[in-house]
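Visitor: Below: one structure in structure tokens.
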Amino acid sequence: MILRQSPDSRALDQLKPVDKTIVVMSDLEGLSDKETAAALGLTVSAAKTRLHRARLFLRGKLAVALEHLGNPQAKDRHDGENKIGGRGAQS
């Protein structure tokens, strides 16, 4: 029997361990920024920054996964981000 991971699980597994922990603590367990930072020995500012970067990474990975599943809306949203000023934006 072959078990397949969902796109969100695969994306989470690609994060650095500390970033994965921050996402889980903040978004899944509902801890505050202050609680998350204290638990990991980080400043609140550092925890917020890492969470923001992890969310951007996950958003990009999930957009690509949805494109591969044939969801044209995901491709349009992903392309629009690049035009607005995300990574890969052209000046």
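Visitor: May I ask you to list the residues in the range 24-58 that are at pLDDT below 95, among the aliphatic types (A, V, I, L, M) and buried (at least 16 other Cβ atoms within 10 Å of the Cβ)?
Guide: Answer for the range 24-58, where residues must be at pLDDT below 95, among the aliphatic types (A, V, I, L, M) and buried (at least 16 other Cβ atoms within 10 Å of the Cβ): just L58.
Visitor: Specify which of the listed residues (G88, G70, G80) is over 21 Å from L12 (Cα atoms), assigned to a helix (DSSP H, G or I) and at pLDDT below 80.
Guide: Step by step, each of G88, G70, G80 is checked, and only G80 is over 21 Å from L12 (Cα atoms), assigned to a helix (DSSP H, G or I) and at pLDDT below 80.
The values are calculated or read from the model by the stated rules, or taken from the named source; none is laboratory data. Computed from a prediction, not measured in an experiment: that's the story for all the values here. Counting neighbours? That spans all protein chains shown, and the Cβs are built from the backbone with ideal geometry, glycine included.
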